[in-house]
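Peer 1: Sharing a structure, written as structure tokens. Questions coming.
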Amino acid sequence: MYEERTSRLDGAMVWTRTVRADDGSPPYPVLPDGCMDLLWIGGRLLVAGPDTRAYAPEGITGLYCAGVRFAPGTAPALLGVPAHELRDRRVGLADLWSPAEVRRLTARLAAAPDPTAA
């Protein structure tokens, strides 16, 4: 199941996805859209760079996933890294920001009843 809604951040959308473990079907591919996402998957914060081809997620069956999708050109200022350095990649947020800051954010999301609200 996939749901999307507007965010309090200009130029961003909040989305959630639950990948069921019981039907055996692979997750739908992520299609390239020029956007970057901040992801909350399996208790980890990741950054998805802009994709130039379809991306097939692996290892997310049975997991709740949430994210903030930033319109093209908006995430680099927030993340402090040019989009081309993350093109077609998924990296831990701790690789881009202070690990202490990422631990703080991770704890806040893990404790929240609704990670998308946090």
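Peer 1: Which count do you get for residues in the stretch 12-34 that are touching a strand residue (DSSP E or B) at 6+ places or on another chain (Cβ under 7 Å) and either in a strand (DSSP E or B) or at pLDDT 85 or above (or both)?
Peer 2: 8
Peer 1: Another question, then. When residues of the stretch 109-118 are filtered for being free of Cβ contacts under 8 Å to residues at least 60 places away in the same chain, open to solvent by 70 Å² or more (accessible area, probe 1.4 Å) and either in a helix (DSSP H, G or I) or among the acidic types (Asp, Glu) (or both), how many remain?
Peer 2: Number of matching residues: 1.
Peer 1: Is one or more of the residues making up the stretch 94-102 closer than 22 Å to Glu4 by Cβ and either in a helix (DSSP H, G or I) or β-branched (Val, Ile, Thr) (or both)?
Peer 2: no
Peer 1: Now a separate question. Touching a strand residue (DSSP E or B) at 6+ places or on another chain (Cβ under 6 Å) and at pLDDT 90 or above, is that true of Gly80?
Peer 2: So Gly80 fails the test.
Peer 1: Which of the residues that make up the stretch 55-71 are out of contact with any Asp or Glu (no Cβ under 8 Å at 6 or more places or on another chain) and either at pLDDT 90 or above or surrounded by 12 or more Cβ atoms within 10 Å (Cβ to Cβ) (or both)?
Peer 2: Passing the criteria: Pro57, Ile60, Thr61, Leu63, Tyr64, Cys65, Ala66, Ala71.
Peer 1: Moving to a separate point now. Could you please find all residues in the stretch 88-108 being under 22 Å from Thr16 (Cα atoms) and either surrounded by 12 or more Cβ atoms within 10 Å (Cβ to Cβ) or touching a Gly at 6+ places or on another chain (Cβ under 9 Å) (or both)?
Peer 2: Once the filter is applied, which keeps residues that are under 22 Å from Thr16 (Cα atoms) and either surrounded by 12 or more Cβ atoms within 10 Å (Cβ to Cβ) or touching a Gly at 6+ places or on another chain (Cβ under 9 Å) (or both), the stretch 88-108 yields Asp88, Arg89, Arg90, Val91, Gly92, Leu93, Ala94, Val102, Arg103, Leu105, Thr106.
Peer 1: Restricting attention to the stretch 35-54, which residues are assigned to a strand (DSSP E or B) and surrounded by 15 or more Cβ atoms within 10 Å (Cβ to Cβ)?
Peer 2: Scanning the stretch 35-54 gives Met36, Asp37, Leu38, Leu39, Trp40, Ile41, Leu45, Leu46, Val47, Ala48.
Peer 1: Going by what's in this entry, would Arg44 be described as basic (Lys, Arg) and modelled with pLDDT under 95?
Peer 2: yes
Peer 1: I need the full set of residues from the stretch 72-84 which are open to solvent by 60 Å² or more (accessible area, probe 1.4 Å) and either on the phi > 0 side of the Ramachandran plot or out of contact with any Pro (no Cβ under 9 Å at 6 or more places or on another chain) (or both), in order please.
Peer 2: Selection gives Gly73, Ala77, Leu78, Gly80.
The values are calculated or read from the model by the stated rules, or taken from the named source; none is laboratory data. A quick note: this is a predicted structure, and the numbers were derived from the prediction, not measured. Heads up, the Cβs are rebuilt from the backbone with ideal geometry, glycines too, and the neighbour counts pull from every protein chain shown. These area figures cover heavy atoms from the full protein model, side chains too; ligands, DNA and RNA do not enter into them. Shrake-Rupley method; radii C 1.70, N 1.55, O 1.52, S 1.80 Å.
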